[in-house]
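Below you'll find the structure, written out as structure tokens, and then a few comments.
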Amino acid sequence: MPKLYRSREGEITAIDTKTQLTTLGSQTAPGPLLVPNQAKMLLGVFVAAVGNHSAINDANFFIRLEGPGLIEGPEVIAAGAEATQVATGGAAGKKAEFIPLNIKIQVSQEILIFGEMGGEDIGAAQFGVTLVFEV
Amino acid sequence: MSKTLTVEGDVNAANTKTNLTTQGSVAAPSRVTPADAKRITSVIVAAAADQLAEGAANILIRLGGNAIRRGEQTIICAGLAANTVVSGSDLPPVYNPLFMVMDADIEVDPSEVIDISAEVVGDDLGDATAVVTLIFD
């Protein structure tokens, strides 16, 4: 069961604000993320979301998948939660987590990926999402 | 023939595709897929940044080159963040977990070169390093 991996990332700088992930590091304009021609199913997503904790607060993270590439409509998926007690020193690292989905898709159509913070403002957060397609 | 291929390297500029071509004491390890390889079954990634700059970032790897049958694959592996440390204070080291895709199922052609690159995407966290192992079947 071969798989294809397609990614987007971006920074979320405001709380309760839907923010589309449109870049991919050195690729500042990779264009729309289209469902690959050979794809049969969206098996799941890898998500890594991390805040910079420049403000003392607590926030939750989630992603939204939207667009004509999703036959059964939009999906919203939890991606983590973080809090900080001081904003004057700290470092953290976490691995991306796989979330299995098994979602029906429409080939050659776009999937839009959004990141969002709920709760309180902890500064900015970096979101990275990889869509894993079965072909 | 070996089933594994491991490369590592420094990734010191944010949002810059950086090819991983070394392996510690081996300056130029082979990046050719095994002669009988059909697919990558597993991808293992470890990355860390010295986090001397404040911000938040992801670690992204790209698998490309002639060996990847269906074109470049991009995988988000981790999230890293740092606050600027107040002068005179200390912080413990950060131990980042190993990121593993155990059923990667990425189709490859045998005896072809594979390009493995890493990027710190988002904010610049200072200097970073990454090591990637691919396991073939």
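Restricting attention to the stretch A:1-25 and to residues that are part of a loop (DSSP other than H, G, I, E, B) and either within 18 Å of A:Leu131 (Cα to Cα) or in contact with a Phe, Trp or Tyr (Cβ under 9 Å, 6 or more places away or on another chain) (or both), the residue that is farthest from the other protein chains (Cβ to nearest Cβ) turns out to be A:Lys18. A count restricted to the stretch A:31-45 and to residues that are in contact with an Asp or Glu (Cβ under 6 Å, 6 or more places away or on another chain) and within 10 Å of chain B (Cβ to nearest Cβ) stands at 1.
The numbered conditions (1) touching a Ser or Thr at 6+ places or on another chain (Cβ under 9 Å); (2) at pLDDT below 95 are all true for B:Ala82 except (1).
Exactly one residue out of B:Ile114, B:Ile106 is within 17 Å of B:Thr4 (Cβ to Cβ), in contact (Cβ under 8 Å) with a residue 60 or more places away in the chain and more than 10 Å from every other protein chain (Cβ to nearest Cβ): that is B:Ile114. Of the residues screened, B:Ile76 is one that is within 14 Å of the chain's Cα centre (by Cα), within 7 Å of chain A (Cβ to nearest Cβ), at negative phi and of a type in the set (Val, Ile, Thr). Of all residues in the stretch A:46-85, those that are within 14 Å of chain B (Cβ to nearest Cβ) and in a loop (DSSP other than H, G, I, E, B) total 8. The single condition from (1) closer than 22 Å to A:Gly44 by Cα; (2) at the interface with another protein chain (Cβ under 8 Å from one of its Cβ atoms); (3) under 16 Å from the mean Cα position of the chain (by Cα) that B:Leu134 fails is (2). Consider the stretch A:86-135 and keep the residues that are within 20 Å of A:Phe62 (Cα to Cα) and of a type in the set (Lys, Arg). The one that is modelled with the lowest pLDDT is A:Lys94. Of the strands (runs of 3 or more DSSP E) entirely within the stretch B:1-105, those holding at least 3 residues that are among the hydrophobic types (A, V, I, L, M, F, W, C) and crowded, with 19+ Cβ neighbours inside 10 Å occupy B:4-11, B:39-49, B:55-64, B:73-83. Within the stretch A:28-46, the residues that satisfy the criterion of being in contact with a Ser or Thr (Cβ under 8 Å, 6 or more places away or on another chain), touching a residue at least 40 places away in the same chain (Cβ under 8 Å) and among the aliphatic types (A, V, I, L, M) are A:Leu34, A:Val35, A:Val45.
Would it be correct to say that B:Ala82 is closer than 23 Å to A:Leu21 by Cβ and touching a Gly at 6+ places or on another chain (Cβ under 8 Å)? Judged against the criteria, B:Ala82 is a match. Of the residues making up the stretch A:93-135, those that are away from chain B (no Cβ under 12 Å), in a strand (DSSP E or B) and crowded, with 18+ Cβ neighbours inside 10 Å are A:Ile103, A:Ile105, A:Leu112, A:Phe114, A:Glu116.
Considering the conditions (1) within 13 Å of chain B (Cβ to nearest Cβ); (2) surrounded by fewer than 15 Cβ atoms within 10 Å (Cβ to Cβ); (3) touching a strand residue (DSSP E or B) at 6+ places or on another chain (Cβ under 8 Å), A:Thr28 is excluded by exactly one of them, (3).
Can you work out which of the residues in the stretch B:117-131 that are within 7 Å of chain A (Cβ to nearest Cβ) and not acidic (Asp, Glu) is nearest to the chain's Cα centre (by Cα)? Out of the qualifying residues, it is B:Val121. The conditions of being in contact (Cβ under 8 Å) with a residue 12 or more places away in the chain and more than 7 Å from chain A (Cβ to nearest Cβ) are not met by B:Gly55.
The values are calculated or read from the model by the stated rules, or taken from the named source; none is laboratory data. In this text, all values refer to a predicted model and were calculated from it rather than measured experimentally. Glycine also receives a Cβ, built like all others from the backbone with ideal geometry; neighbour counts cover every protein chain displayed.
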